[in-house]
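S.K.: Pasting a structure below so you can have a look.
Values quoted throughout were computed directly from the atomic coordinates according to the rules given, and no laboratory measurement underlies them. Nothing here was measured: the structure is a model prediction, and the numbers come from that model. Neighbour counts run over all protein chains shown; Cβ positions are idealised from the backbone, glycine included.
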Amino acid sequence: MKPFWTLIVCFCIGACSSNQNTAQVFATEAGAIGGYDPVAYFTQSQPVKGIKEFSFEYADQSWYFASAENLELFKSNPEKYAPQFGGYCAYGMSRGYKAKTEPDAWTIVEGKLYLNYNTDVRNIWNEKQSEFIEKANANWPTVKVSKFEN
């Protein structure tokens, strides 16, 4: 009977860790997109850390906001404010892989928020945004369910 329960425990651990590795939203221990308020990129033109008082569960992650107003804006239209590609690096997505992002490496293009690995990568991204967006959009359906290995 012991081997049976060992097998069950191993299966459960594997299923849980597999689910985390295939998350469709970039998250850290601080929450989705590192705990930064996605609405603030649009309303304040800068990254602003969210607080637990203003949180919302969306896409299997906890999202944090700097104010009740930002929380309500997000709740009313999460697709408008959530970053593209689940907050993974937009340039990395154009190359076919998931990469973490930094809050200060961001761009809004045609009303959509794109995050990048760092500001150097964002500068590369800015050189050919349209081309990279097209490639990233093509890659996202397949890559979003792949494992994230940071």
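S.K.: Could you check the simple spin-label distance between Glu79 and Asn118, using points 7 Å along Cα→Cβ, in nm with one decimal?
M.R.: About 3.5 nm, to one decimal.
S.K.: Given the peptides 71-78, 47-54, 98-105, arrange them by the average over their residues of other C-beta atoms within 10 Å, most packed first. Please list the in-between numbers first.
M.R.: Values: 71-78: 15.2, 47-54: 16.9, 98-105: 20.5.
Descending packing order for the listed peptides: 98-105, 47-54, 71-78.
S.K.: Using amide H atoms built 1.01 Å from N in the peptide plane, name the residues 5+ places from Leu113, or on other chains, whose amide H lies under 5 Å from its own.
M.R.: Gln84
S.K.: Round to a whole angstrom and tell me the spacing of the C-alpha centers of the range 92-141 and the range 36-57.
M.R.: Spelled out, the Cα-based centre of one part sits 19 Å from the other.
S.K.: Still on this structure: Please list, in chain and number order, the residues 5+ apart from Ile51 or on another chain whose amide H is under 5 Å from its amide H, with Hs placed from the backbone.
M.R.: Phe65, Ala66
S.K.: Here's another thing I want to ask about it. Within 14 Å, Cβ to Cβ, of Tyr91, how many net charges do the neighbouring residues add up to if Lys/Arg are +1 and Asp/Glu are -1?
M.R.: +1
S.K.: If you take every residue apart from Arg122 with its C-beta less than 12 Å away from the C-beta of Arg122, what net charge results, scoring Lys and Arg +1 and Asp and Glu -1?
M.R.: Values: positive: none; negative: Glu102, Asp104, Asp120, Glu127.
Around Arg122, the surrounding residues sum to -4.
S.K.: Right, something else. Can you work out the Karplus-derived ³J(HN,Hα) for every residue in the range 104-114? Use 6.51 cos²θ - 1.76 cosθ + 1.60 with θ = phi - 60°, whole Hz, and x for glycine or proline.
M.R.: 8, 9, 9, 8, 10, 10, 6, x, 10, 8, 10
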